[in-house]
1. If Rh is defined by the Kirkwood formula over all Cα pairs and Rg also comes from Cα, what ratio Rg/Rh do you get for the range 241-368?
2. Give me the percent relative contact order of the range 1-52, please, defined on Cα pairs under 8 angstrom at least 6 residues apart.
3. Rounded to the nearest 0.05, what FRET efficiency is calculated for Ala173 and Glu124 with R0 set to 25 Å and r the Cβ-Cβ distance?
4. Taking H placed 1.01 Å from N in the peptide plane, check which residues at least 5 places from Ile250 or on another chain put their amide H under 5 Å from its amide H.
5. At a 10 Å Cβ-Cβ cut-off, how would you order Asp157, Asp112, fewest neighbours first?
6. Take the residue pairs Lys9/Lys59; Lys337/Lys357; Lys265/Lys357; Lys22/Lys324; Lys59/Lys264 and return only those whose Cα atoms are more than 19 Å apart.
7. Largest first and in whole Å, what are the equivalent-ellipsoid semi-axes of the chain based on the Cα gyration tensor, each being the root of 5 times an eigenvalue?
8. Where does each of Met237, Met31 land when they are ranked from fewest to most other beta-carbon atoms within 10 angstrom?
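Laboratory data are not the source of any read-out in this text; all were calculated from the coordinates shown. It should be emphasised that the depicted structure is a prediction, and the values quoted were computed from it without experimental measurement. Here the Cβ positions follow ideal geometry from the backbone for every residue, glycine too, while neighbour counts run over all protein chains shown.
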Amino acid sequence: MTESPVLKKSPLHERHVALGAKFAEFGGWEMPLEYGGVVAEHTAVRTSVGVFDVSHLGKATVKGPGAAAYVNSCLTNDLGKIGPGQAQYTLCCNERGGVVDDLIAYLHADDDVFLIPNAANTAEVVRLLQAQAPDGVVVTNTHDDYAILAVQGTNSDDVVAAIGLPTGHDYMAFATAEFAGTPVVVCRTGYTGERGYELVVPNQAAVAVFDALLEAGASYGIVPAGLGARDTLRTEMGYPLHGQDISPDITPVQARSGWAVGWKKEHFWGDEALRAEKERGPARILRGLRAAGRGIPRPHMTVLDQSGTALGEVTSGTFSPTLKKGIALALLDATVKEGEQVAVDIRGRQELFDVVKPPFVTVHVRES
């Protein structure tokens, strides 16, 4: 009998157990799926504030003379468009243009870049970068050295500031501060659409920071939120999930993520295939689907036209707690346009859906 792989655990695992979390496997990690219910946690983030443990996300450093230039020659987005203290969403693509991973690059300096890939893809991203790194550039997998806490929601500034960390910086900008003598990176990023921050914390300080956030946030209605709510929140915003909406077989052109490609750059991994696909137009495109009735779509369900001909499939599908109806991202034939109506085969029933452009909900982000 094959033994199940041992799942990694967050440095906050015992805190989650004490809070009554239900756990699930995410990229080889045992992480909180929910505490008191996905809808309640989702609603708290949309209306007040929630804190997520996303320590399963990868971490890697690229350091040495020309580190930033090297990263820029590999990943799709143009790192030259930002400066030190800023972060950037970018993609690691294969030679066919498929997405090996999507990640956030933190530019500390020309010789120091910090990367946050997805949990399951960290080793591969590090391997690819190490394989082609020029002399003097060192790529290090630091996946197990840091925790990441995401404080998301209207009241996120108040909570982060209450524990003495900096707030108010621009979206995708970060600052480094100290908490109890330990350096913490505070970045205006998130995966929910709401105003929020992601805190990169050395493992040894993770429990202290988590406890402080919950204590300081009590008067602001903070709740610990699991990765179930994180998924419904990101789906409402139309944010892609690697392994579903983007993958080694789905390109950024197909996924409508061309905004994260530095088309004017001389070179990046997969550039020839992506430029060719952009020129001729993709055969399939990621679209949004909003239920016209009561159907709840799920990944891999078939999308059909009015005559029953298959048009593609759902890549992400869920019940939207905000809209109180089913929503989905679906990879469809490029002939399908926004404003049309299609059907989704939901366990033998054909439920009608409107083809729309995400995001599915409008968030009102409070600016400082």
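1. Computed over Cα atoms, the ratio is 1.02.
2. Averaging sequence separation for qualifying contacts and normalising by length gives 27 percent for the range 1-52.
3. Calculated value: 0.30.
4. Those qualifying (amide H under 5 Å, at least 5 residues apart or on another chain) are Val99.
5. Asp112, Asp157
6. Too far apart for the 19 Å limit: Lys265/Lys357; Lys22/Lys324; Lys59/Lys264.
7. They are 32, 28, 19 Å, listed from largest to smallest.
8. Ascending number of Cβ neighbours within 10 Å: Met237, Met31.
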